[in-house]
Amino acid sequence: MRSLNRILLVEDNARDVELSLAALAECHLANEVTVMRDGADALDYLFRRGKFGDRPTENPAVILLDLKMPKVDGLEVLARIKQSPELQMIPIVMLTSSQEERDLVESYKRGVNAYIVKPIDFDQFVEAVKQLGLFWAILNQPPPGTARHL
Amino acid sequence: LKARLLILVLLLLVPAFLLMLLGNLKRQRSEKALAREQVVTLSKLAAANESYYVRQSRQQLATMTQFPLVLMQDRTLTEKGLKTLKRLQTDFHDFGLIETNGIIFCHTLGSNMLQSANPSLLRKVVEARDFAGTIFKFESTVSLQFGYPIFGTNGRIARVMYASLKPGLLSAALTNIALPAGAVASVFDSEGNMLARSPDPDQWVGKQLASTPFFQRILADQGGVFEAAGLDGVERVYSVSTVVDQKRPVLHVTVGIPRSAAFARARDKFAGNLILALLTVALLLFAAWWYSDRIFLRPARAVVAAAEKIAGGDLKARTGLIKGKTEIHRLAASFDQMAGSLEKRQTELQHANLEITSHNAQLERRVAERTSELQTLNAELEAFSYSVSHDLRAPLRHMHGFAQMLRNNSKFQEDVAVQKKLSAIIDAAKQMSTLIDDLLSFSRMSRQSLTVGAVDLSRLVAEVVEEVAAREPGRAIEWKIELLPQVRGDAALLRQVWLNLISNAVKYTRGRNPAVIEISVRQTDAEAVFAIRDNGVGFDMEYAEKLFGVFQRLHHADEFEGTGIGLANVRRIVARHGGRTWAEGKTGEGATFSFSISKLTNPT
């Protein structure tokens with residue numbers, strides 16, 4: 001059983017996953033990433049249910065959450081996490097294509113920690129992810145029970 | 001109304017009254033003439049009665065003085081003779097003989113009753129040497145004494161024989177005449193002594209009235225008729241008839257009828273007429289009242305009552321006056337007709353209202369349907385723009401990202417052709433992203449609700465100018481900005497308007513040195529009109545309206561950047577502020593973009 005990665009990326013689009021990983025690779029964080037392809041899987045993973053029932057107990061240092069996903073969308077996942085006493089301390093960053101204000105407002109209402117509109121420009125995206133990773137995964141003092149090893 | 005009608009009737013009666021008065025005056029005059037005739041007749045009658053006694057006395061005395069006994073010296077015998085004569089004469093009270101020295105020789109009233117004779121009688125008889133009469137008062141009795149001279153053989157008056165009429169005889173003679181009520185008959189002697197009167201003889205007879213105006217009047221008006229106040233102060237019409245003996249006036253007989261009595265008949269008649277007239281008037285007034293009430297006021301009241309009822313909302317009210325031909329009845333009939341049509345109209349109105357209500361309900365239903373359709377559509381539109389912003393952007397981002405990754409890949413670093421094509425892909429993706437953003441902002445612009453407040457345009461424009469100028473720091477731009485007013489509107493959207501227009505002005509003056517940008521305002525009561533004028537490239541007026549269309553551009557993108565959404569946004573925002581947008585320009589000579597903001601309508 002491999003140890004838990006510090007970054008959980010929840011993203012349904014394979015190309016976005018690739019681009020995100022490419023961006024994270026630029027800051028040498030690619031190996032720290034666990035990818036979930038939809039909200040339901042993400043929740044199962046976090047709550048250690050179903051096929052993830054045997055994952056280690058530590059939690060990721062940060063969750064990068066896509067807003068628009070099939071089955072359970074990002075806002076729903078966000079709500080579930082923030083309602084859970086064990087998980088609510090995990091910082092969550094919304095990664096989204098949407099500039100719609102209501103998504104932003106809704107996310108902050110449900111306790112999101114950061115909200116990033118994925119820029120069209122890849123270079124800008126890389127820059128944003130870099131900043132993000134630096135802050136949440138490296139500099140930020142994580143809550144107890146967070147994966148720490150590198 | 002009724003009062004006026006009554007006044008009209010009274011006015012009509014005035015001439016009738018005048019005629020009546022005139023008639024009365026005439027009648028009065030004729031009555032007066034009649035009264036005069038009557039009084040003259042009466043006085044003549046009275047005088048005739050009285051003159052009988054005068055003539056009777058003269059004859060008696062003339063006869064008796066022929067008897068030898070009147071000159072006899074034997075008093076007892078003479079007295080006896082006179083007493084016998086007196087018994088034969090019922091009219092006389094006393095006979096007697098007077099010596100020329102004034103001593104009574106003998107008389108018939110018994111001894112010692114009379115010592116001295118009536119001196120005025122003796123004097124009169126002696127003076128006249130003929131029959132004469134005078135009043136004789138003795139104690140309480142008043143009588144008329146007549147004297148007759150007895151001539152001696154020498155032709156001189158030896159004695160005077162007298163005869164006294166029974167007291168009250170003359171008055172009684174007067175009462176024989178049927179006098180009208182209030183009438184007075186009097187007998188005076190020529191010296192002004194009242195000898196008889198009817199009525200109230202006791203009060204008047206025996207009085208010396210020579211000096212009274214009334215007696216003076218009698219003397220002046222002998223045989224005439226006059227109107228005067230009598231001795232008792234009552235106004236009468238008097239007639240005087242004088243009883244004459246041997247051309248000497250002996251008695252004045254007057255009869256007076258009171259004026260009131262004289263005209264009583266006329267007055268009675270007048271009063272009768274008056275009462276009749278008053279009765280007529282009363283009858284007329286009552287008739288007028290009744291008529292006006294029945295024919296005019298009652299229908300009028302009926303009309304008023306019906307009108308009030310109708311005003312009160314009871315459209316079924318009618319006057320009910322169908323019969324009758326007066327104007328008021330016709331009015332009432334017209335009124336009923338009107339009320340009928342009013343009611344009909346009301347019914348129609350109610351029907352119409354019902355219809356309208358049902359129409360409205362239908363309409364509301366339809367509006368509700370439309371609204372829900374619209375809401376659905378809106379929701380769909382929102383979902384659409386959501387997916388546009390989300391889903392459309394994702395592939396773009398992928399295109400851009402992978403192209404960028406390729407370009408960064410060391411394998412293709414040296415290949416210029418590949419680098420150029422990758423750059424084209426990257427630029428196209430960027431451009432499309434901008435287009436999507438603009439489209440979304442444009443659609444948001446229309447749906448987003450306004451936050452209306454006071455907006456200080458001078459400040460807003462200054463900020464925008466600063467912001468825009470900062471983007472192109474190398475440019476020489478001459479700004480001419482007027483003082484701008486405060487307006488009501490959405491500050492963020494108005495900022496967008498100014499940002500677009502000022503950016504455009506800056507953009508299209510690129511290459512002008514210096515660029516001149518003027519911002520001015522012109523105000524009316526209804527609106528404020530703003531103009532942004534530049535000395536840039538301008539445009540062909542033929543395409544002026546195209547400027548404000550979505551994605552409509554007059555310049556090539558490689559000449560001036562932009563998606564062509566800015567002016568469309570301006571037009572939309574201005575329209576939502578109740579204003580208009582227009583542009584003027586000439587190719588190569590600059591452009592002026594104008595917009596107005598309504599001061600009257602609220603932004604929606």
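If you check every pair at least six apart or on different chains, which have Cβ atoms under 8 Å apart with a residue in region B:368-392 that is at the interface with chain A (Cβ under 9 Å from one of its Cβ atoms) first and a residue that is among the hydroxyl-bearing types (Ser, Thr, Tyr) second? Final answer for the pair search is B:SER385/B:SER443; B:TYR386/A:SER98; B:SER389/A:SER97; B:SER389/A:SER98; B:HIS390/A:THR96; B:HIS390/A:SER97; B:HIS390/A:SER98; B:ASP391/A:SER97. Looking only at residues of region B:93-139 that are open to solvent by 30 Å² or more (accessible area, probe 1.4 Å), within 18 Å of B:LYS166 (Cα to Cα) and among the charged types (D, E, K, R), we find that the one that is modelled with the lowest pLDDT is B:GLU139.
Looking at region A:51-74, can you tell me whether even one residue there is among the charged types (D, E, K, R), under 12 Å from the mean Cα position of the chain (by Cα) and at pLDDT below 90? Yes, some residue in region A:51-74 is among the charged types (D, E, K, R), under 12 Å from the mean Cα position of the chain (by Cα) and at pLDDT below 90. Checking each residue in region B:246-288 for being at pLDDT below 70 and of a type in the set (Phe, Trp, Tyr) picks out only B:PHE263. Among the residues of region B:422-448, just one is within 17 Å of B:ILE573 (Cβ to Cβ), open to solvent by 30 Å² or more (accessible area, probe 1.4 Å) and away from chain A (no Cβ under 13 Å), namely B:SER446.
Summed over region A:114-133, the residues that are open to solvent by less than 20 Å² (accessible area, probe 1.4 Å), within 13 Å of chain B (Cβ to nearest Cβ) and assigned to a helix (DSSP H, G or I) give a count of 4.
If I filter region B:62-75 for residues that are out of contact with any Pro (no Cβ under 8 Å at 6 or more places or on another chain), open to solvent by 50 Å² or more (accessible area, probe 1.4 Å), part of a helix (DSSP H, G or I) and modelled with pLDDT of 80 or more, do I get at least one hit? Checked against the condition, which is being out of contact with any Pro (no Cβ under 8 Å at 6 or more places or on another chain), open to solvent by 50 Å² or more (accessible area, probe 1.4 Å), part of a helix (DSSP H, G or I) and modelled with pLDDT of 80 or more, region B:62-75 yields no hits at all.
Residues are listed down the side, and each one gets a yes or a no for (1) assigned to a loop (DSSP other than H, G, I, E, B); (2) more than 26 Å from B:LEU165 (Cα to Cα); (3) aromatic (Phe, Trp, Tyr):
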site: B:GLU191; (1), (2), (3): yes, no, no
site: B:ASP202; (1), (2), (3): no, no, no
site: B:SER211; (1), (2), (3): yes, no, no
site: B:PHE215; (1), (2), (3): no, no, yes
site: B:ILE218; (1), (2), (3): no, no, no
site: B:GLU227; (1), (2), (3): no, yes, no
site: B:LEU231; (1), (2), (3): yes, no, no
site: B:VAL237; (1), (2), (3): no, yes, no
site: B:SER241; (1), (2), (3): no, no, no
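Considering the conditions (1) open to solvent by less than 70 Å² (accessible area, probe 1.4 Å); (2) of a type outside the set (Lys, Arg); (3) closer than 27 Å to B:GLN56 by Cα, B:VAL225 is excluded by exactly one of them, (3). Based on this model, can you work out whether B:ARG159 counts as more than 17 Å from B:VAL54 (Cα to Cα), touching a Phe, Trp or Tyr at 6+ places or on another chain (Cβ under 7 Å), of a type in the set (Lys, Arg) and open to solvent by less than 30 Å² (accessible area, probe 1.4 Å)? Yes. Just one of (1) modelled with pLDDT of 85 or more; (2) within 14 Å of chain B (Cβ to nearest Cβ); (3) open to solvent by 40 Å² or more (accessible area, probe 1.4 Å) trips up A:ASP44, so point out which. The single condition A:ASP44 does not satisfy is (2). Between B:SER292, B:SER341, the distinction of being exposed (fewer than 14 other Cβ atoms within 10 Å of the Cβ) and over 30 Å from B:LEU144 (Cα atoms) belongs to B:SER341 only. For B:THR376, the test of being β-branched (Val, Ile, Thr), open to solvent by 40 Å² or more (accessible area, probe 1.4 Å) and closer than 30 Å to B:GLN486 by Cβ is failed. Scanning region B:353-412 for residues that are in contact with a strand residue (DSSP E or B) (Cβ under 9 Å, 6 or more places away or on another chain) and farther than 25 Å from B:ARG444 by Cβ gives no hits.
Does region A:52-72 contain at least one residue that is in a helix (DSSP H, G or I) and open to solvent by 30 Å² or more (accessible area, probe 1.4 Å)? Yes: one or more hits.
For every residue, the table says whether it meets (1) over 60 Å from the mean Cα position of the chain (by Cα); (2) more than 20 Å from B:ILE565 (Cβ to Cβ); (3) at pLDDT 90 or above.
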position	(1), (2), (3)
B:VAL455	yes, yes, yes
B:VAL464	yes, no, yes
B:LEU484	yes, yes, yes
B:ARG522	no, yes, yes
B:ILE532	yes, no, yes
B:ASP540	yes, yes, no
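Would you check which residues across region B:492-542 are more than 16 Å from B:PHE595 (Cα to Cα) and small (Gly, Ala, Ser) and list them? B:ALA492, B:GLY511, B:ALA515, B:GLY536, B:GLY538 - these are the residues of region B:492-542 that are more than 16 Å from B:PHE595 (Cα to Cα) and small (Gly, Ala, Ser).
The lone criterion from (1) away from chain B (no Cβ under 14 Å); (2) surrounded by fewer than 17 Cβ atoms within 10 Å (Cβ to Cβ); (3) assigned to a loop (DSSP other than H, G, I, E, B) left unmet by A:LEU87 is number (2). Are any of the residues in region A:6-29 away from chain B (no Cβ under 14 Å), in contact with a Pro (Cβ under 9 Å, 6 or more places away or on another chain) and modelled with pLDDT of 85 or more? Yes; the residues of region A:6-29 include at least one that is away from chain B (no Cβ under 14 Å), in contact with a Pro (Cβ under 9 Å, 6 or more places away or on another chain) and modelled with pLDDT of 85 or more.
I'm trying to understand the selection: among the residues of region B:305-315, which are open to solvent by less than 80 Å² (accessible area, probe 1.4 Å) and either part of a helix (DSSP H, G or I) or of a type in the set (S, T, N, Q) (or both)? Hits for region B:305-315 are B:ALA305, B:ALA306, B:ALA307, B:ILE310. Kindly provide the set of residues from region A:90-113 that are among the hydroxyl-bearing types (Ser, Thr, Tyr) and either at positive phi or not in a helix (DSSP H, G or I) (or both), ordered by number. Residues satisfying the conditions are A:THR96, A:SER97, A:SER98.
In this structure, is B:GLN208 polar (S, T, N, Q), surrounded by fewer than 19 Cβ atoms within 10 Å (Cβ to Cβ) and under 17 Å from B:GLN145 (Cβ atoms)? Spelling it out, B:GLN208 is indeed polar (S, T, N, Q), surrounded by fewer than 19 Cβ atoms within 10 Å (Cβ to Cβ) and under 17 Å from B:GLN145 (Cβ atoms). Looking at region B:404-417, is at least one residue hydrophobic (A, V, I, L, M, F, W, C), within 12 Å of chain A (Cβ to nearest Cβ) and more than 60 Å from the chain's Cα centre (by Cα)? Checked region B:404-417: at least one residue is hydrophobic (A, V, I, L, M, F, W, C), within 12 Å of chain A (Cβ to nearest Cβ) and more than 60 Å from the chain's Cα centre (by Cα). Condition first: assigned to a helix (DSSP H, G or I) and either within 11 Å of chain B (Cβ to nearest Cβ) or under 20 Å from A:ALA128 (Cβ atoms) (or both). Now tell me which residues in region A:32-41 satisfy that. Result: A:GLU32, single match.
The values are calculated or read from the model by the stated rules, or taken from the named source; none is laboratory data. Worth saying up front: this structure is predicted, and the values here are computed from it rather than measured. Because the Cβ atoms are built from the backbone with ideal geometry, glycine has one as well, and the counts that use them run over all protein chains shown. Surface accessibility is based on the protein's heavy atoms, side chains included, excluding ligands, DNA and RNA. Shrake-Rupley method; radii C 1.70, N 1.55, O 1.52, S 1.80 Å.
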